[in-house]
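None of the figures in this text is laboratory data; all of them are computed from the coordinates on show. These numbers come from a predicted model, not from an experiment. Virtual Cβ from ideal backbone geometry, glycine too; neighbours counted across all protein chains shown.
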Amino acid sequence: MRSRSGSFRRRAAALAAACALGAGLLAGCADDGRGDSSSGSGGTGTEGRTTLTVGVFGVFGYRQAGLYDEYMELNPDIAIKETSIERNENYYPQLLTHLATGSGLADIQAVEVANIAEITATQADRLVDLSKTAGVRKEDFIPWKWQQATTEDGRTVGLGTDIGPMAICYRKDLFREAGLPTDREEVGKLWAGDWGKYLQTGRKYQRKAPDGTAFVDSAGGVYKAVVAGSPKRYYDENGRVVYKDSPAVREAWGHAMDAATGKLTARLQQFQKDWDQAYANGRFATVSCPPWMLGYIKEKAGPRSADQWDVAASPKPGNWGGSFLTVPAASRHKEEAAKLAAWLTAPEQQAKLFARQASFPSARSAYALPQVADARHPYFGDAPTGKIFAAAARGVPAQILGPKDLVIDQNIVDIGVLQVDQQGKSPEDGWRAATRTIDNALDQ
């Protein structure tokens, strides 16, 4: 994803995410979320209200979904002001600097999942324990999501916002032309339980592929989808970097290389302009897609592809994406900020956010609410997206996260996999290039 954090993919996709679920959409689907929700500037607002500042990266959707306005209506003494830095790779270093100095912090600060292990391990003493906030219930959340922001001594410094349970989005028209089934249940059976079967389906597709099309968008997308379903990827339970010997990485790399060398990919790089254009041109038949990807596909593929796309279960459950809300101990309004963070991440609000912005809840209690349980997406053949993604979410394994997950993942995909997929280098050369860059970045 561009210079990509695991979250800019989702947040950058948010220009389309506002259009993600069809019914109940807000106007202004291309809004970038950088406006403020109030005119206050911190401290006490000009109208005598306490102004709470919320610092995010990209578009989290709270303003667009009307949640800030709803909270301010429920709490007339509170004003909310959101500031957003578009890219997490710019946002996160600033957050670390501000935490170190105790100044320049918003009352609530968002943290991307790729950074939460480092924040929890190194910054917990600078953050509020949100588990003690009224209304916060551990049992509402998926256990592994709660644990990701919980220290060894039991302090929970971040409340989960969304997650990215994986599905496969596919073009029914291209499948039909290639002689493959198009019903989402039958499509899911083609590769159920095995990413190898997914690639086997790809080889069947390529035999009768419509001219100018490929089975999958990119080998990098295959790698990310496969590795997203493994509990141990880049670090072990003792915090040691183990990616070179990780069975999960080896499996994901192997499938990605099979896709690249087997000419199953459109040789694209995700979240680049040519990838966007390929949606519009119908150049590939499948893509691994978490919920936040649906809006992106709809926006890039456009109206003429309506009802050509559909959603099926992925071969194995996996998670791609998700963030947290934290409250810095240096906040001038810690108690009020914690209450707001708790309210924004409560099951009811997470369900509203899914209905309006396609952010899938990390609060599993939300899955029974009608906004999730009954959700269907008209652009994707009226697919029951709430049920599909809820089932995937329940199967996602708890993952061991490390402080440099993003560095490792990004270089494997953007250097190693990309060199093989686009430049035709051998898998051995691609792996050496990736590991050399990672070792330099980790100073190993």
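Principal axis analysis of the Cα atoms in the range 232-372 yields extents of 56, 47, 30 Å, listed in decreasing size.
Gain on full extension, evaluated as 0.36 nm per residue between Ala373 and Asp276 minus their Cα-Cα distance, stands at 31.9 nm.
Amide H contacts for Leu52 (H built 1.01 Å from N in the peptide plane; partners 5 or more residues away or on another chain; cut-off under 5 Å): Ala79, Ile80, Lys81.
How would Tyr198, Tyr296, Tyr92 line up from fewest to most surrounding beta-carbon atoms within 10 angstrom?
Numbers: Tyr198 25, Tyr296 28, Tyr92 22.
The order, fewest Cβ neighbours first, is Tyr92, Tyr198, Tyr296.
In summary, the range 265-309 shows an alpha-carbon radius of gyration equal to 1.05 times the 2.2 N^0.38 Å reference for compact globular proteins.
Once the mean of 1/r is taken over each pair of separate Cα atoms and inverted, the range 117-178 shows a Kirkwood hydrodynamic radius of 14.1 Å. Values of log10 I(q)/I(0) for the chain across q = 0.10 Å⁻¹ run -0.67, by the Debye formula with one identical scatterer at each alpha carbon and no solvent.
Cross-link partners of Lys404 among lysines, defined as those whose alpha carbon lies under 24 angstrom from its own and excluding same-chain residues fewer than eight positions apart: Lys145, Lys224, Lys232, Lys244. For a straight C-alpha distance cut-off of 13 angstrom, the aspartates and glutamates reachable from Lys334 (same-chain residues fewer than eight places away being disregarded) are Asp107, Asp129. Helix-only arithmetic for the chain: the sum of -39500 (n - 2.57) across DSSP H runs with n ≥ 4, divided by the residue total, places the mean residue ellipticity at 222 nm at -11500 deg cm²/dmol.
DSSP bridge analysis restricted to the chain gives an antiparallel fraction near 65%, rounded to the nearest 5.
Counting only complete DSSP H runs, which helices of the chain cover 18 Å or more along their long axis at the Cα atoms and score a mean Kyte-Doolittle of -1.0 or above?
Numbers: long enough: 88-101 (19 Å, -0.69); 195-207 (19 Å, -1.92); 247-261 (21 Å, -0.21); 427-441 (21 Å, -1.16).
Both cut-offs are met by 88-101, 247-261.
The range 168-269: percent of C-alpha pairs farther apart than 24 Å?
Numbers: 1427 of 5151 pairs.
More than 24 Å apart: 28 percent of the Cα pairs in the range 168-269.
What is the fewest-to-most order of Leu159, Leu52 by other Cβ atoms lying within 10 Å of their Cβ?
Details: Leu159 28, Leu52 31.
Ordered by Cβ neighbours within 10 Å, fewest first: Leu159, Leu52.
Applying Stokes-Einstein at 37 °C and 0.692 mPa s to the Kirkwood radius of the range 352-438, computed over alpha-carbon pairs, gives a translational diffusion coefficient of 206 µm² s⁻¹. Taking a straight line from the alpha carbon of Lys189, these lysines sit under 18 Å away, with near neighbours fewer than eight places off in the same chain left out: Lys172, Lys197, Lys204, Lys316, Lys387.
Which net charge results for the neighbourhood of Pro427, defined as the other residues with beta-carbon distances under 11 angstrom from its beta-carbon, given Lys and Arg at +1 and Asp and Glu at -1? Can you show the working numbers first?
On the way: positive: Lys425, Arg432; negative: Asp258, Asp421, Glu428, Asp429.
Here the charged neighbours net out to -2.
Counting every other Cβ atom within 10 Å of each residue's Cβ, His377, His255, His98 order from fewest to most as His98, His255, His377.
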